[in-house]
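Each value in this text was obtained by applying a stated rule to the coordinates, not by laboratory testing. Predicted model only: the values in this text are computed from it and were never measured. Quick reminder, even Gly has a Cβ in these numbers, built from the backbone with ideal geometry, and neighbours come from all protein chains shown.
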Amino acid sequence: MTRTKFQEELQLLLNSVRVMGVNLEDTLDRVIDNLEKKDVEVAQEIINGDDKFDSDEVNIEKQCLELVLTQTPVATDWREIASCLKLVGDMERIADHCSDISQYTLKLAEKPAVELPENFMKMLKVMREMVYDSITAISENDVELAQKVMATDDAVDDYFAEMRQQLTTVMMQQPQQVPQYVDYLMIAKYVERIADHATNIAQWVLFVVKNELKN
């Protein structure tokens, strides 16, 4: 494989990652919107759509391995390929959690509505911004944006800790609503995990651009 051909294949790989990222953003928006609407059909579509992300991950991994096997990459190329291998795993896990949240949306749709936990939508908004920024950062090798994502992760952790304490109190006071609030607590935990995966994606930007890998 010539160097020109290698660069073309590398760009195809990076484009595959970008397309997966765009599809993930769309799915995440649908998940968040449906947490308020609780449309059963939409929730089921999101759950069923998780297989596509599994397939995308496998295909991107194959592209990465083919590039490594057909030509020895230079250092910068290798960092991009290695980061793609890792970050698509995080993207696929975010898609898994979108499916997990939609499973709980289905459960909530079957129960009497309760008041949303305090700051619940704010937590979702911060997480969504982290995912969007992390995908933009990896697409554009934007170190500053990646560092912003990493710095924001603590805010989501704080929201979750506050919500867990709040819901514990609410469930003690209103035991008839325990099933609904347990569902919301589980959703909040998945939101926290999505933020962690967005942070992981952002960390790979530092690896590609600056050859720095955070623990």
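Give the share of C-alpha pairs in each 10 angstrom bin for region 5-85, from 0 to the last occupied bin, in whole percents, shortest bins first.
17, 39, 23, 15, 6, 0
Looking at region 137-215, which trypsin sites (Lys or Arg not before Pro) are in a loop (DSSP not H, G, I, E or B) and have at most 12 other Cβ atoms within 10 Å?
Working: sites: Lys148, Arg164, Lys189, Arg193, Lys210, Lys214; in loops: Lys214.
In loop regions of region 137-215 (DSSP not H, G, I, E or B), the sparsely surrounded trypsin sites (Lys or Arg not before Pro) are Lys214.
Suppose the Debye formula is applied to equal point scatterers at every Cα of the chain; what is log10 I(q)/I(0) at q = 0.12, 0.15, 0.17 Å⁻¹?
With one equal scatterer per Cα and no solvent, log10 I(q)/I(0) is -0.65, -0.92, -1.11.
How charged is the neighbourhood of Asn59? Take every other residue with its Cβ under 12 Å from the Cβ of Asn59, and add Lys/Arg as +1 and Asp/Glu as -1.
Charge balance in the 12 Å sphere: -4.
Please report how far the C-alpha centroid of region 21-81 lies from that of region 104-119, rounded to the nearest whole angstrom.
Each part's Cα centre sits 28 Å from the other's.
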